[in-house]
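Visitor: Quick one: the structure is below, questions incoming.
Quick note: the coordinates plus some simple rules give every number you see, no bench work behind them. What you see is a predicted model; the values in this text were computed from it and never measured. Positions of Cβ are backbone-derived with ideal geometry, glycine not excepted, and every protein chain shown enters the neighbour counts.
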Amino acid sequence: MTQHRFPIRIYYEDTDFSGNVYHAAYLKFFERGRTEFLRDAGIHHSELAAQGIAFAVRSMDIQFDGAAHIDDLLTVTTEIGAITGARLTLTQAILRDQTVLTRANVVVVAIKTAGGAARLPRELVARFAAKA
């Protein structure tokens, strides 16, 4: 699959007292990248919710390699690492120009909005498999 790219601008609210991006802000950036990745694949959270399904992050391994600063224009990249009937593993990175600042491996699972685990819808797995 080609790598999905999503731009992020750093605002004052994203930084800490030192002027660097606060570590928890990277989680928001990764989430936005994943959401836009899904949207570009034709998958919308509201449509999944109407089917009684939602995505939940099962695990996330993050490596902080460099710092972003106010006014930086960053790119969040997202690509499929693996997919099964119940899990979607994504590889993400946040870059400034060509420099990787932060990397994450994310495992996302499907859950029932009423509670409990769910299988990924077959059409969704097929759509992702075609992109992988």
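Visitor: Just one of Gly85, Gly66, Gly42, Gly115 is part of a loop (DSSP other than H, G, I, E, B) and free of Cβ contacts under 8 Å to residues at least 24 places away in the same chain; which is it?
Guide: The unique qualifying residue is Gly115.
Visitor: Answer yes or no as to whether Ala93 is small (Gly, Ala, Ser), touching a Phe, Trp or Tyr at 6+ places or on another chain (Cβ under 8 Å) and not in a loop (DSSP other than H, G, I, E, B).
Guide: no
Visitor: Of everything in segment 45-63, what is assigned to a helix (DSSP H, G or I) and surrounded by 14 or more Cβ atoms within 10 Å (Cβ to Cβ)? Give them in sequence order.
Guide: Passing the criteria: only Leu48.
Visitor: Mind checking which pairs have a first residue in segment 8-20 that is without any contact (Cβ under 8 Å) to a residue 60 or more places away in the chain and a second that is assigned to a strand (DSSP E or B) and hydrophobic (A, V, I, L, M, F, W, C), Cβ under 9 Å, 6 or more apart or different chains?
Guide: That search, which allows pairs on different chains as well, returns Asp14/Ile8; Asp14/Val21; Thr15/Val21.
Visitor: Something else: So which residues in segment 10-36 are in contact with a His (Cβ under 8 Å, 6 or more places away or on another chain), part of a helix (DSSP H, G or I) and farther than 16 Å from Ala104 by Cα, if there are any at all?
Guide: Answer for segment 10-36, where residues must be in contact with a His (Cβ under 8 Å, 6 or more places away or on another chain), part of a helix (DSSP H, G or I) and farther than 16 Å from Ala104 by Cα: just Glu36.
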